[in-house]
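Colleague: Okay, handing you the structure first.
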Amino acid sequence: VKEARTCSTFDHLQADRTHLWHPYTSLVSPTPVLPVESANGVEITLETGDVLVDGMSSWWAVIHGYNSKELNDAMHTQLSKMSHVMFGGFTHRPAVELAQLLIHITPPKLEKVFLVDS
């Protein structure tokens, strides 16, 4: 792991190609990927220093922008208590609160929420 953090961009991309299977690409002949250094708002900064505007923010959950202080703070608060606990046979307040918020904004007959993490 330490080596992955300190290797060159070339070696990093080679390791990515060897060990990772990215969404919507071939396992045999993968599409090249861009090495990201950081992201903030709608901008993605590559290891090369190039800055891209993310025009596909609807893909998964980037609708709020990257590196949102409000979301980062909420995640930090939650992670300091627990990052994850299996949901089979257990519950926790954040899950119940989220379910109540979702039920409040859905049609009246939708009274159950099924939470998944992938």
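The values are calculated or read from the model by the stated rules, or taken from the named source; none is laboratory data. Computed from a predicted structure; not experimentally measured. Note that each Cβ is placed from the backbone with ideal geometry, even for glycine, and that neighbours are counted across all protein chains shown. With ligands, DNA and RNA removed, areas are computed over all heavy atoms of the protein, side chains included. Shrake-Rupley method; radii C 1.70, N 1.55, O 1.52, S 1.80 Å.
Colleague: Taking the condition assigned to a loop (DSSP other than H, G, I, E, B), under 30 Å from Val113 (Cα atoms), among the β-branched types (Val, Ile, Thr) and open to solvent by 80 Å² or more (accessible area, probe 1.4 Å), does Thr91 pass?
Modeller: Values: assigned to a loop (DSSP other than H, G, I, E, B): yes; under 30 Å from Val113 (Cα atoms): yes; among the β-branched types (Val, Ile, Thr): yes; open to solvent by 80 Å² or more (accessible area, probe 1.4 Å): yes.
Taking the combined requirement at face value, the residue satisfies it.
Colleague: Continuing with this model, one more query. For region 17-47, which residues satisfy the criterion of being more than 26 Å from Glu70 (Cα to Cα) and in contact with a Pro (Cβ under 8 Å, 6 or more places away or on another chain)?
Modeller: Listed by number, the residues that qualify are Arg17, Trp21, His22.
Colleague: Among (1) at pLDDT below 90; (2) surrounded by 10 or more Cβ atoms within 10 Å (Cβ to Cβ); (3) acidic (Asp, Glu), where does Glu111 come up short?
Modeller: (2)
Colleague: Quick test of your reading of the structure: Leu46 fulfils all but one of (1) open to solvent by 80 Å² or more (accessible area, probe 1.4 Å); (2) farther than 24 Å from Phe114 by Cα. Name the failing condition by number.
Modeller: The one condition Leu46 does not meet is (1).
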